[in-house]
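Let me begin by presenting the structure, written as C-alpha cells, before commenting on it.
Any read-out appearing in this document is the output of simple, stated calculations on the displayed coordinates, not a laboratory observation. Please read all numbers here as calculations on a predicted model, not as lab measurements. No Cβ is skipped: glycine too gets one built from the backbone with ideal geometry, and neighbour counts run over all protein chains shown.
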Amino acid sequence: MKKVIATLIAGLFATAAFAQTPATPAASAASVPAKAEAAHTKAVVKAEAKETKAVVKADAKEAAVVADAKADVASAEADAKATKAKAHHKASKAKVKADAAKAAEATPATPSK
C-alpha cells in the first residue's frame, strides 16, 4: 500500500511539473496577440499621420490658391483704379475741350469791327 501511495504521489508531482511547462509557451502565445495589437496600433497611427499630412498639404494648397486669388483681386483693383483714373482724366480733358470750344464759339459771335 505504501508503494501505491508513493507511486500516486510521484505521479502527482510529475503531472504537476509537466503542467507547469506549457505555461511558458502560453505566455508567448499571449504575446502574439499583443504583438498583433502593437502592429495594428502602429498601422493606425501611421494611417492617421498620413491623413493629417494630406490635410495639412490640402490646407496649404488652399491657402496658396486664396493668396493667389487675393493677389489677383488686388491686381484687378489696381487695374480698375488706373482705368478709372484714366477715364476721369479723359473726361476732364473732354470737359476742358468742350469749355474751350464753347468759349471759342462765344467769342466769334460778338461782332467784329
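General remarks:
- Eligible lysines near Lys61 by straight Cα distance, threshold 28 Å, same-chain separation 8 or greater: Lys46, Lys50, Lys53, Lys70
- With the simple model of a label 7 Å out from the Cα in the direction of the Cβ, Phe13 to Ala104 spans 13.7 nm.
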